[in-house]
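A short worksheet on the structure shown next.
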Amino acid sequence: MPDAVLQGERLAISRLLTEVENDTPAGQAALNQLFVHTGKAHLVGITGAPGTGKSSLVNQIALHYRKAEPPLKVAIVAVDPSSPFTGGAVLGDRVRMRELSGDSGVFIRSMATRGSLGGLAVATAGMAQVLDAAGFDVILIETVGAGQSEVEIVKLAHTVLVVDVPGLGDDVQAIKAGILEIADILVLNKADRPGVEAAERALLGMLKLGHPTKHLVQHHGKLEEVLAPADTAADDWLIPIRRTVATDSSGLPELLEMLGKHKAHLQQSGDWQRRERSRLHTQLQGLVQHTLMSQWRNQISDEEYSQALDKLVARELSPRQALQALLG
Amino acid sequence: MAEKKIRVLVGKPGLDGHDRGAKVIARALRDAGMEVIYTGLRQTPEMIAEATLQEDVDAVGLSILSGAHLTLVPRIIELIRANGQDDVRIFVGGIIPDEDVPKLRELGVDGIYGPGSPTHAIIDDIRKLVNQADQ
Ligand code: B12
Ligand SMILES: Nc1nc2c(ncn2[C@@H]2O[C@H](COP(=O)(O)OP(=O)(O)OP(=O)(O)O)[C@@H](O)[C@H]2O)c(=O)[nH]1
Ligand SMILES: [Mg+2]
């Protein structure tokens with residue numbers, strides 16, 4: 001299977017994605033073999049509130065990469081939420097990507113979160129590795145419609161696009177601060193709608209608060225500029241805002257140019273390596289936790305565990321004392 | 001190892017805009033714990049076969065109320081098999097006259113459902129046939 005995947009055979013890629021998604025022994029073994037071939041693709045995350053136009057943007061970004069000279073091969077992983085009650089899901093992002101059909105340089109895969117919270121599924125990282133090894137130059141990862149806590153994407157992608165739209169209102173803007181923090185590029189989509197100017201001003205205002213070289217502070221009711229701390233590096237990335245209309249393609253060439261600039265910035269500043277390291281750190285840590293946890297759980301009987309839990313409930317032990325008791 | 005999820009593609013090939021049935025089925029399958037990839041309206045047979053390949057689904061459900069099932073269904077099945085997906089199960093729903101049922105069966109359609117078909121029967125059939133294909 002790994003050989004066929006390296007050759008870019010679509011059925012093999014698709015079947016391996018399923019094995020990896022289901023975390024089967026075959027999937028794990030293939031990932032071991034393919035890992036040496038990963039690390040080349042540009043992983044781009046697309047996140048933002050539900051309905052802001054993420055899928056439509058993914059469609060346009062892919063179309064533009066396909067029209068580039070030379071055309072880049074694009075894989076798309078679109079994540080939608082699983083129902084917490086039934087475990088089922090309706091994965092509808094493809095509806096917006098019909099223009100990409102019939103192009104063998106594009107591969108679209110939908111997946112459900114299967115109980116994960118941060119906006120991605122546990123298997124998303126592994127599936128991106130399969131597509132990376134299969135030779136896709138760019139991997140676009142659409143997260144579930146995110147609020148402020150669905151920020152796992154920042155640990156996976158090299159470049160994160162946060163999509164906002166006009167008319168969501170100032171209150172919502174403030175709530176979204178958490179997700180703005182993870183942006184490398186802010187996309188103001190639906191720029192054909194009224195209220196773009198106001199929305200862009202609001203975004204700029206929030207960006208300036210976190211601006212590394214200039215600070216605006218409220219001082220007796222007035223906004224005042226404060227000089228940057230002396231240790232701010234000159235080559236820091238200043239988060240740009242790009243307006244787009246994903247239903248036609250206005251703003252797309254400019255957005256693609258920014259994506260290229262960010263990639264170049266990551267490579268020149270050494271951040272590409274740093275993000276790579278922190279991504280693999282996250283993955284390794286997750287694996288260690290998961291493995292140690294299940295090893296430990298296998299060593300201990302359900303009875304022992306529930307006895308400790310009983311004592312905890314009866315307040316005979318504190319959580320830390322229970323831990324001591326269980327770890328023996 | 002995570003529990004094996006049944007993945008189903010629900011598509012509407014052809015040009016008619018009757019999408020209520022497809023949406024009802026998509027929701028019912030989700031509520032039965034399946035993962036449903038919904039492709040939307042006006043899909044060509046090529047688009048459906050391509051999505052079936054990329055999504056590696058266990059079953060494909062086609063909703064056709066336009067009367068064009070005898071041209072669309074054979075083409076879709078042919079394309080899916082040509083991609084090497086021999087064990088993907090095929091289900092068809094919508095307006096299918098009784099005399100066409102044997103023809104579709106002969107083409108390899110696993111289940112055919114007209115107006116008023118109870119969704120629990122559809123769910124049971126999909127579960128049963130997908131699990132058979134897995135063995
Ligand atoms: C509602 C309706 C419409 C609505 C559609 C709204 C929408 N967005 O869906 C509107 C008013 C837009 C419409 C328009 C037309 N309609 Co109309 N419409 C109907 C009607 C009355 C009900 C269909 C419906 O929604 N049923 C409810 C759903 C839940 O049922 P269902 O789709 O049958 O689905 C069930 C099963 O079939 C099955 N199923 C369906 N899909 C799938 C998929 C899978 C995978 C599985 C397992 C099962 C399954 O399970 C479902 C649950 O039981 C039918 C007549 C009828 N009684 O079926 C005519 C009918 C389908 N329409 C018809 C026609 C001719 C048209 C028009 C061409 C009329 C015209 N001359 O303008 C236009 C075409 C519009 C277009 N762009 O395509 C004809 C089709 C004739 C044919 N095929 O031979 C019908 C049969 C009426 C008739 N008796 O003549 N229509
Ligand atoms: N006017 C306008 N509508 C847009 C634009 N981009 C997307 N839309 C519409 O917005 C709606 C939602 O678009 P999607 O691309 O599905 O949004 P999404 O963020 O992927 O949605 P979820 O995945 O459900 O969170 C669709 O009806 C699109 O046609 C735009 O730039 N302008
Ligand atoms: Mg979407």
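Readers should treat all values here as calculations from the given coordinates under stated rules, not as data from a laboratory. Here the structure is a predicted model, which means the values were calculated and not measured. Cβ coordinates were reconstructed from backbone atoms using ideal geometry, including for glycine residues, and neighbour counts include every protein chain displayed.
Whole number please: convex hull volume per residue of the Cα set in region A:271-328, in Å³? Working shown, then result.
Details: hull volume 5.5 nm³, N = 58.
Spread over its residues, the Cα hull of region A:271-328 gives 95 Å³ apiece.
For region A:232-285, the alpha carbon positions stretch 42, 29, 16 Å along the principal axes, listed from largest to smallest.
By DSSP, the beta bridges lying fully in region B:1-89 are antiparallel in about 0 percent of cases. Cβ-Cβ distance of A:S149 and B:E99, R₀ of 51 Å, FRET efficiency by 1/(1 + (r/R0)^6): the value works out to about 0.35.
Mind running the shape call on region A:2-269? Use the C-alpha gyration tensor, a ≥ b ≥ c as the square roots of the eigenvalues: rounded below 1.5 for a/c, prolate if a/b tops b/c, oblate otherwise. The partial results should precede the final answer.
Numbers: a/c = 1.79, a/b = 1.66, b/c = 1.07.
It comes out prolate by the Cα gyration axes.
For A:R243, the residues whose modelled amide H falls within less than 5 Å of its own, excluding neighbours fewer than 5 places apart on the same chain, are A:L188. Across region A:96-102, computed HN-Hα scalar couplings (Karplus, 6.51 cos²θ - 1.76 cosθ + 1.60, θ = phi - 60°) run 8, 10, 5, 5, 8, 6, x Hz from first to last residue, x flagging Gly and Pro.
With only Lys, Arg, Asp and Glu charged, each at its Cβ (+1 for the first two, -1 for the last two), find how big the charge dipole of the protein assembly as shown is about the Cα centre; round to the nearest 20 debye. Mind showing how you got there, number by number?
Working: 48 positive and 59 negative charges, 98 e Å.
Charge dipole, the protein assembly as shown, about its Cα centre: 480 debye, nearest 20.
With a 10 Å cut-off around each Cβ of A:91-99, the average count of Cβ atoms from other chains is 5.
Over all pairs of different C-alpha atoms, region B:7-134 has a mean inverse distance whose reciprocal, the Kirkwood radius, equals 14.2 Å. Exposure proxy shown here: for B:D16, A:D248, the number of other Cβ atoms within 10 Å sets the order, fewest to most, as A:D248, B:D16. Binning the alpha carbon pair distances of region B:1-81 at 10 angstrom intervals from zero yields the distribution 19, 52, 25, 4, 0, expressed in whole percent.
Per-residue Karplus couplings for region B:25-31, computed as 6.51 cos²θ - 1.76 cosθ + 1.60 with θ equal to phi - 60°, are listed in order as 5, 4, 5, 5, 5, 4, 5 Hz, Gly and Pro entered as x.
Using DSSP, restrict attention to beta bridges with both residues in the protein assembly as shown and report what percent are antiparallel, rounded to the nearest 5. Kindly include the intermediate steps, with their values, before the conclusion.
Working: 7 of 57 bridges.
Close to 10 percent.
For A:L91, the residues whose modelled amide H falls within less than 5 Å of its own, excluding neighbours fewer than 5 places apart on the same chain, are B:V36, B:I37, B:Y38. Of the listed pairs A:K73/A:K261; A:K73/B:K12; A:K73/B:K23; B:K12/B:K128, which have alpha-carbon separations greater than 25 Å here? In this structure, A:K73/B:K12; A:K73/B:K23 exceed 25 Å between Cα atoms.
Size of region A:241-315 from its Cα atoms: along the principal axes, largest to smallest, the extents are 63, 32, 22 Å.
By the Stokes-Einstein formula, at 0.890 mPa s and 25 °C, the protein assembly as shown with its Kirkwood radius over alpha-carbon pairs has D equal to 101 µm²/s. When the square roots of the Cα gyration tensor eigenvalues are ordered a ≥ b ≥ c, the ratio a/c for region A:74-122 is 1.5 or more and a/b exceeds b/c, which makes its shape prolate.
Where the only charges are on Cβ atoms (+1 Lys, Arg; -1 Asp, Glu), what is the dipole of region A:2-269 about its Cα centre, to the nearest 20 debye?
Numbers: 24 positive and 31 negative charges, 78 e Å.
The calculation lands at about 380 debye.
Computed from the C-beta positions of A:T247 and A:D23 and an R0 of 35 Å, the FRET efficiency is 0.40 to the nearest 0.05. Close amide H partners of A:I46, meaning residues 5 or more places away or on another chain with modelled amide H under 5 Å apart, are A:I141, A:E142, A:T143, A:L161.
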